[in-house]
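One structure is given here, and the rest of the page talks about it.
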Amino acid sequence: MKPFDITTVRNDFPALQQQVHGKPLIYLDSAATAQKPQCVVEAIDEMNAKLNANIHRAVHYLAIQCTERYEQARETVRRFINAQKTQEIVFTAGTTAAINLVAFSFGERFVRRGDEIVLTEAEHHSNIVPWQLLCERKGAVLKVVPVDDTGRLQTERLPEFFTDKTRILCVTQVSNVLGVVNPVKEIIRLAHAHHVPVLVDGAQGIVHESADVQDMDCDFYVFSGHKLYGPTGIGVLYGKEEWLEQLPPYQGGGDMIASVSFDKTTYAGLPLKFEAGTANYIGAHGLAAAINYIQKQTRAAIHAHEQQLTAYAARQLSTVKGLRTYGTATPKTSVWSFSMEGVHPSDAAAILDKLGIAVRTGRLCADTLMQRFQLQGMIRASLALYNTKEEIDALVNGLQQVQKMLSGH
Ligand code: PMP
């Protein structure tokens, strides 16, 4: 196995070879979506150009090839997250779609008036709003576990949130704002001791941390392909078979049925029961290519590289006057959100953009965290396996220029 080599890695990503505004692109927005390696681009291109046919239906050559690739992708995902069975891997359009599926189907089956859903203050809108919709539909109640000033989830308070009406706990593995890694294994153990199942939002977590669903013992785990160096429009819902078996379908249509008549329709078994309509088989194949790419680099090498960058970013960002970071608790992944005294985040981002530096600004799909820290918005720099210390230096230089131009520091 060749060692992790950052130059080789960067050359694998065509998007990183370009200039923007006449400057080399410094892409620090991977928590929103990651760039894709050439092997993923080629996997998608090949299927679009040559191997395209609808899956699970026809018996001709192309259809069989596509079906095989789709089901191979399911097996690749199963191995990647160490699920016990491929039936437990449902392809969705992404994290949001997967959470909506669980909120609907789990809610239909298990949630009644007065029941309680527990979330955390560090959730993305995707892991809040579907549960609010469920609460409105069923007359259930949301309860929210807070984070402290360092962004650490107050897990010691969890027991006070569990009652005999608690139906599910939904928690992010890694916050897309704070970058703090939640101790999900410990949280799940505690929830299970109170007979509460747990959905883990792995949209950020799977990119930087282990996502072994059997080790975590989570009941549901969801993630998106596009943050994991794969294509957009594809994601995964993992659910323990014993749960998925009990849930009614979310959407009706082709591929999710066993038989249809006007009197009675019966449903396909797992996982197809939850995959109505033409699946994104090209996206699934692209996601498998991304997973193979990650495994080729090795998860351990990527983790070590990102942890070095995270430590370096912490030191360098602390040298910028008037900059305050949110999410200082450890362990932490390579996501840095901050505010700058006297500087509007959008103005900072516009100046950085002219320097070729792409960061995210605004409320980061986390209004509740903005309220928690009493801000209108933040600036977020999020790093991935292809970023370098030199890029962090460029960011810090850029932020110093922003300070001089906008706040006179
Ligand atoms: N949860 C978290 C923690 C996220 O970071 C994101 C994406 N920013 C989502 C959910 C939603 O993912 P998607 O938009 O791919 O459905």
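Here, each number is a calculation from the coordinates, and none is a lab measurement. Everything numeric in this text was worked out from a predicted model, so none of it was measured. Neighbour counts are summed over all protein chains in view; Cβ atoms, including those assigned to glycine, are modelled from backbone coordinates with ideal geometry.
Which length gain, in nm to one decimal place, applies between R315 and Q214 when the Cα-Cα distance is subtracted from 0.36 nm times their residue separation? Working shown, then result.
Working: separation 101, 0.36 × 101 = 36.36 nm, distance 3.57 nm.
So the extension gain works out to 32.8 nm.
Lysine pair count for segment 42-295 with Cα-Cα distance under 20 Å and sequence separation of 8 or more or different chains is 7.
Report, for segment 42-295, the % of DSSP beta bridges that are antiparallel, rounded to 5. Of all bridge pairs located within segment 42-295, approximately 45 percent are antiparallel.
Centre-to-centre, using Cα atoms only, segment 348-380 and segment 75-144 are separated by 27 Å.
Net charge dipole, the chain: roughly 420 debye, given to the nearest 20, about the Cα centre with Cβ charges of +1 for Lys and Arg and -1 for Asp and Glu.
Shape analysis of segment 42-295 yields a ratio of the Cα radius of gyration to the Kirkwood radius, Rg/Rh, of 0.98. The distance from the alpha carbon centre of segment 35-68 to that of segment 238-299 is 17 Å, rounded to a whole number. If a spin label sat at a point 7 angstrom from the Cα of D149 along the line to its beta carbon, no backbone N atom of segment 93-130 would be nearer than 18 Å. Ranked by the mean number of other Cβ atoms within 10 Å of their residues, highest first, the peptides 150-158, 76-84 come out as 76-84, 150-158. Taking 0.36 nm per residue of sequence separation and removing the Cα-Cα distance, the E186/L62 pair yields an extension gain of 40.0 nm. Candidates S382, C135, N182 compared by Cα position along the dipole of the chain: farthest toward the positive end lies S382, with charges placed on Cβ.
Please report Y61, Y250 as a ranked list, fewest other C-beta atoms within 10 angstrom at the top and most at the bottom.
Taking fewest neighbouring Cβ atoms as first place, the list is Y61, Y250.
Under the convention that each Lys and Arg Cβ holds +1 and each Asp and Glu Cβ holds -1, the size of the dipole of segment 264-409 around its Cα centre is about 320 debye. For K354, go through the lysines and keep the ones whose alpha-carbon is under 17 Å away, minus same-chain ones fewer than eight residues off. Filter leaves K23, K404. Using the Cβ of A203 as centre and a radius below 12 Å, the other residues enclosed give a net charge of -2, where K and R count +1 and D and E count -1.
For S261 and K165, a Förster radius of 41 Å and the Cβ-Cβ distance give a FRET efficiency of 0.55, rounded to the nearest 0.05.
Helix-only arithmetic for the chain: the sum of -39500 (n - 2.57) across DSSP H runs with n ≥ 4, divided by the residue total, places the mean residue ellipticity at 222 nm at -11500 deg cm²/dmol. Dipole of segment 42-295 computed with +1 at Lys/Arg Cβ and -1 at Asp/Glu Cβ about the Cα centre; of G277, A93, V118, farthest Cα towards the positive end is G277.
Extension gain, T86-Q72: 0.36 nm per intervening residue step, less the Cα-Cα distance, totals 4.1 nm.
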